[in-house]
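Following: one structure in structure tokens, then a few remarks.
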Amino acid sequence: MPSRALLPLLFIATLAHAQPDEKAARKRLEYTLANYTKYEYQIPMRDGVKLFTAVYCPKDASVPYPFLMQRTPYSVEPYGADRYRETLGPSEAAAKEGFIFVYQDSRGRYLSEGEFIDPPTTPKATGVNESTDAYDTIDWLVKHVPNNNGKAGIWGISYPGTYAAFSLIGSHPALKAVSPQAPMADVGNGDDAYHNGAFYLAQNFGFYANANAFQEARKEPSKPKRTERFDFGTTDEYDFFLSMGTLANSNEKHFKSKNPYWNDTLAHPNYDDFWQARALVPHMKNVTPAVLMVSGWYDAEDLAGPQKLFRAIEKNSPQTSITLAIGPWTHGGWSRGEGKVLGNLDFAVKTGEYYRETIELPFFAWNLKGKGKAEFPKAWVFETGANQWRKFEQWPPKPATAKTLYLHAGGKLSFSQGQEPAEFDEYQSDPDKPVPVTPAFGEAVPGNYMTADQRFAARRPDVLVYQTAPLEADVTIAGPVSPRLRASTSGTDSDFIVKLIDAYPGDFPNPDPNPAKVNMPGYQQMVRGEPIRGKFRNSLSKPEPFVPGKRERIEYVMPDVMHTFRRGHRIMIQIQSSWFPLIDRNPQTFVNIPDAKATDFQKATQRVYRGGADGSSVGVMVLGN
């Protein structure tokens, strides 16, 4: 590898996860320039395609270093051997620890050759994929980059986290540590696109309308093109999406059928071969590297993915050293800032700093350098409500026991089934007046909607509310939340959204100081919420219409929580049939929704049955009670 003298400061890279002040940014860049030398390569894959790769080598060559790599479809800017990233690795601490940092444009992106597939397909019997590309890249690096110790690690957040997860399939022998962070395990069910058949409208529209180079298929390798952000033409995105009308209008009015990725997503509303070929979960077998699976309790994009992959590795690769790390973060929130505050909530702990310094860096230092101790629990999670980190040797925690929250008359909720007769509560769902995801104007789905105050929804006539009496002792729920609805509709299709909520007492204090004028007395904090599209109640692949008025079983599993409902608080359940524009509107008639016409949208009366031997309930795992 030829030597290269560092040139003067030419570029400050803009990182997707950081917006530092100018002085701090300059100091970080100065550190990178002083301690690392950059090289660029076109690394050949087994099919001859070459992938553009930037390699930052420590100037101090007194000891050999392991590789720490990120593969991404979002560009490894800046390009040019004399143009440097401001910060290297997953944290400043990692940059100071010292690794050979590798950044690679994935297949078909920017300066890499080949065809990009979104979402990527999983390995086949023959051919290439993101797993083989990771293997071939590591094989080339250990053979061609001097002063390496023969070990490699991979990390990434979101799409790069998905590529990290791909590297666990048929891993290269040199790959010793992998940290998939907010990976997409199954885009067709639980991550990004569809949740139990319900389409996450605002998130996907915003991504494909605004993400550079996700707006059209690339014709040849090229550097990023800067495009203007999509103009909604209004500050009220709820109104924007409602005015757009049907999903079919999205192309007619906005995309003009030019975005192949958006088109593919809408073309597959069922969990068909398209999505099944992209599911990573079935391939988590014989995993050899140590794994740190990272997620945020309030990740609006890829909350389910890390949990699904963790469980798959636990089941199908029990010999693997794996830790699940989850904190009170939005998408990628662990990589930046203190992590002490989110929206209206104050966790009283600098959770981001704790994760980066106590969990992430020691994971890579031990597995790639043999530095530190190999003491990693099976689960390292932050307990919201009580605001503390917890370690467990099993997840969900072994002491947790299955309990059931039963719906009762008068909006009551309890852990006791009771003796009351079978009855129902009902509401009318109007797709022309859907329940909003937040009460705020402006951004349709803010990053902190998952902790937002739900009092606005509780006061609507199309939302059912059930709550316990004030708790006499703390109740800690740790694990999945499982709605078990018994419901009917006057339509032939309907959505059902269940929300688990922490209802604060009326004398709960406001923050002091309180510049945002937050009103915390009586706050209804959403702990977990998830939809199901009713026609997929029996199968995600084969939708079935409802028989109007017929009582049906609608059961599904929501992602895990680790939350303590404090003494004096109430546990609340809200049930509704729209959540707009987080998810698209269900016409409440049995049609292919991406092709639905305006006349297909009809009001429907929903009934939720409670009491008797088989009334509606929600299953939870309770720890220590």
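The values are calculated or read from the model by the stated rules, or taken from the named source; none is laboratory data. Since the model is a prediction, treat every value here as computed from it, not as a measurement. Reconstructed Cβ throughout: ideal geometry from the backbone, glycine too, with neighbour counts over all protein chains shown.
For (1) surrounded by fewer than 20 Cβ atoms within 10 Å (Cβ to Cβ); (2) farther than 20 Å from Pro146 by Cβ; (3) of a type in the set (S, T, N, Q), each residue gets a yes or a no:
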position: Tyr79; (1), (2), (3): yes, yes, no
position: Lys96; (1), (2), (3): yes, yes, no
position: Ile100; (1), (2), (3): no, no, no
position: Asp105; (1), (2), (3): no, yes, no
position: Tyr110; (1), (2), (3): no, yes, no
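Scanning the range 38-59 for residues that are more than 12 Å from His144 (Cβ to Cβ) and in contact with a helix residue (DSSP H, G or I) (Cβ under 7 Å, 6 or more places away or on another chain) gives Met45, Arg46, Leu51, Pro58, Lys59. Applying the set (1) without any contact (Cβ under 8 Å) to a residue 60 or more places away in the chain; (2) part of a loop (DSSP other than H, G, I, E, B); (3) surrounded by 14 or more Cβ atoms within 10 Å (Cβ to Cβ) to Asp191 leaves exactly one unmet item: (1).
For the structure I just gave you, tell me whether Lys371 is more than 20 Å from His569 (Cα to Cα), modelled with pLDDT of 95 or more and touching a strand residue (DSSP E or B) at 6+ places or on another chain (Cβ under 9 Å). For Lys371, the condition - more than 20 Å from His569 (Cα to Cα), modelled with pLDDT of 95 or more and touching a strand residue (DSSP E or B) at 6+ places or on another chain (Cβ under 9 Å) - is not met. Applying the condition of being assigned to a loop (DSSP other than H, G, I, E, B) and of a type in the set (Val, Ile, Thr) to the range 305-341 and asking which residue is farthest from Glu357 (Cα to Cα) yields Thr320. Here is a check on your reading of the model: is Phe214 part of a helix (DSSP H, G or I) and over 23 Å from Phe536 (Cβ atoms)? Criteria not met by Phe214.
Scanning the range 217-239 for residues that are surrounded by fewer than 17 Cβ atoms within 10 Å (Cβ to Cβ) and in a helix (DSSP H, G or I) yields a single hit, Asp239. Run down Asn514, Asn538 and say which single residue is farther than 26 Å from Pro480 by Cβ and over 24 Å from the mean Cα position of the chain (by Cα). Exactly one of Asn514, Asn538 is farther than 26 Å from Pro480 by Cβ and over 24 Å from the mean Cα position of the chain (by Cα), namely Asn514. Scan the range 80-103 for residues that are basic (Lys, Arg) and either touching a His at 6+ places or on another chain (Cβ under 6 Å) or closer than 11 Å to Leu361 by Cβ (or both) and the total you get is 1. The set of residues in the range 121-175 being among the basic types (Lys, Arg) and part of a helix (DSSP H, G or I) consists of Lys143 alone. Of everything in the range 48-98 that is in a loop (DSSP other than H, G, I, E, B) and more than 25 Å from Pro224 (Cα to Cα), the residue that is nearest to the chain's Cα centre (by Cα) is Gly98.
Checking each residue in the range 111-135 for being modelled with pLDDT under 95, among the hydroxyl-bearing types (Ser, Thr, Tyr) and in contact with an Asp or Glu (Cβ under 9 Å, 6 or more places away or on another chain) picks out Thr121, Thr122. Filtering the range 290-322 to residues that are surrounded by 24 or more Cβ atoms within 10 Å (Cβ to Cβ) and farther than 30 Å from Val527 by Cβ leaves nothing.
Apart from one condition, Phe274 fits all of (1) surrounded by fewer than 20 Cβ atoms within 10 Å (Cβ to Cβ); (2) more than 20 Å from Leu540 (Cα to Cα); the exception is (2). Pairs linking a residue in the range 110-124 that is touching a residue at least 12 places away in the same chain (Cβ under 8 Å) and assigned by TED's automatic domain parsing to the domain that holds Leu309 to a residue that is acidic (Asp, Glu) and outside any loop (DSSP other than H, G, I, E, B), with Cβ atoms under 7 Å and 6 or more positions apart or on different chains, are Leu111/Asp105; Ser112/Asp105; Pro120/Glu130.
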